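Encoded as structure tokens, the structure appears first; notes follow it.
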Ligand SMILES: [Zn+2]
């Protein structure tokens, strides 16, 4: 896969002017491919104030937010799954009610953008065909994914409502175990053990079956290995990992093991390799120590505290983080492509895709926001992937899975 990146510069070593012409040719070819293929990013988070004046998707900002319609246009990012994420909280009636209400705030925000604010710029897709139709019409495509099954509590009927609101994938679990299964990352601050259930629960199985019947893709990202294998075994339609990288390249609990990867392939599903610094390679200890010291100094214990930073503390944080990032740069597009190469080698070009996790901790050197999306295509072209392969990686595979999931649901309805 690396033939082009290595041999051309070597072969033309003595003709540097020719080499730069060739580099320009590669860039031009990559630009053509990037324009023609549909680029789908399967994981972009939003804060609760999305689609208000505080985070207007047509006006880049506020601090830290990485996806806007103009940056999507600039970077040639055609479609994004916008995520209805609710963090795991108490498994009580009050906890479920709050989670459901928080989820609907995000559903409403997404609908506000596509129906009220910018319907000429971006449209909500409910099917794989919708994605192609909207893209062909020259508009950006929004899809909806749910991260964490917590907002449904124990009420399966809510899944029907999520479907009606446009959700087309659901990841059962986030950080911390829940009623549906075990998490890859237990909530240690709550004293959670490695496993609570030993895999998927009975309710989790019912959720998978109902998602299959409705035509919502089942997502195993964030689930523990056993839970994810159980989910894949239970699902009658192809399964996705919406934002996970590969344990075979870097051992991290959020990454997919080879066993999970093979199981996803067997389901005819897809792993969406994620541009998340700490999943792609070992973060240098010096960087971890520097960030931990900064958090301690500013009294930050959780991401919730971090999001509340304001005034002088916020300025201090940003200035010091800029210094830390300069001293210890993030993983880059090459690291992302190493994970893509690995997955393609293991399960073939038909089962691999790409996700950013922008606004949720994702973003790497060279793909730090939507405006830099082209760099990923350029790296793939430099590694020798052709247009057909890049079209599959950038969304073709994911849309095939969505269409298969739709077809299964249609059949199940009889
Ligand atoms: Zn996530």
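The values are calculated or read from the model by the stated rules, or taken from the named source; none is laboratory data. Model, not experiment: these values are computed from the prediction. All Cβ positions, glycine included, derive from the backbone under ideal geometry; neighbour counts span all protein chains shown.
Brief remarks on what is shown
- Scanning region 145-180 for residues that are within 15 Å of the ligand (Cβ to nearest atom), outside any loop (DSSP other than H, G, I, E, B) and either under 17 Å from residue 237 (Cβ atoms) or in contact with a strand residue (DSSP E or B) (Cβ under 7 Å, 6 or more places away or on another chain) (or both) returns 145, 146, 147, 169, 170, 171.
- Residue selected from region 181-194 under the condition in a loop (DSSP other than H, G, I, E, B) and away from the ligand (no atom under 11 Å from the Cβ), by the criterion farthest from residue 255 (Cα to Cα): 191
- Taken over region 254-275, the criterion of being over 22 Å from residue 194 (Cβ atoms) and crowded, with 19+ Cβ neighbours inside 10 Å is satisfied by 264, 265, 267, 269, 270, 271, 272, 273, 274, 275.
- Among the residues of region 120-143, those identified as touching a residue at least 24 places away in the same chain (Cβ under 8 Å) and farther than 17 Å from residue 76 by Cα are 124, 125, 126, 127, 128, 129.
- Residue match in region 106-115 (condition: within 16 Å of the ligand (Cβ to nearest atom) and assigned by TED's automatic domain parsing to the domain that holds residue 57): yes
- Scan of region 336-369 for residues that are assigned to a helix (DSSP H, G or I) and either outside the structural domain of residue 247 (by TED's automatic domain parsing) or touching a strand residue (DSSP E or B) at 6+ places or on another chain (Cβ under 7 Å) (or both), ordered by number: 336, 339, 340, 342, 343, 344, 351
- Selection within region 231-251: residues that are without any contact (Cβ under 8 Å) to a residue 40 or more places away in the chain and within 13 Å of the ligand (Cβ to nearest atom). The member of this set that is surrounded by the most Cβ atoms within 10 Å (Cβ to Cβ) is 244.
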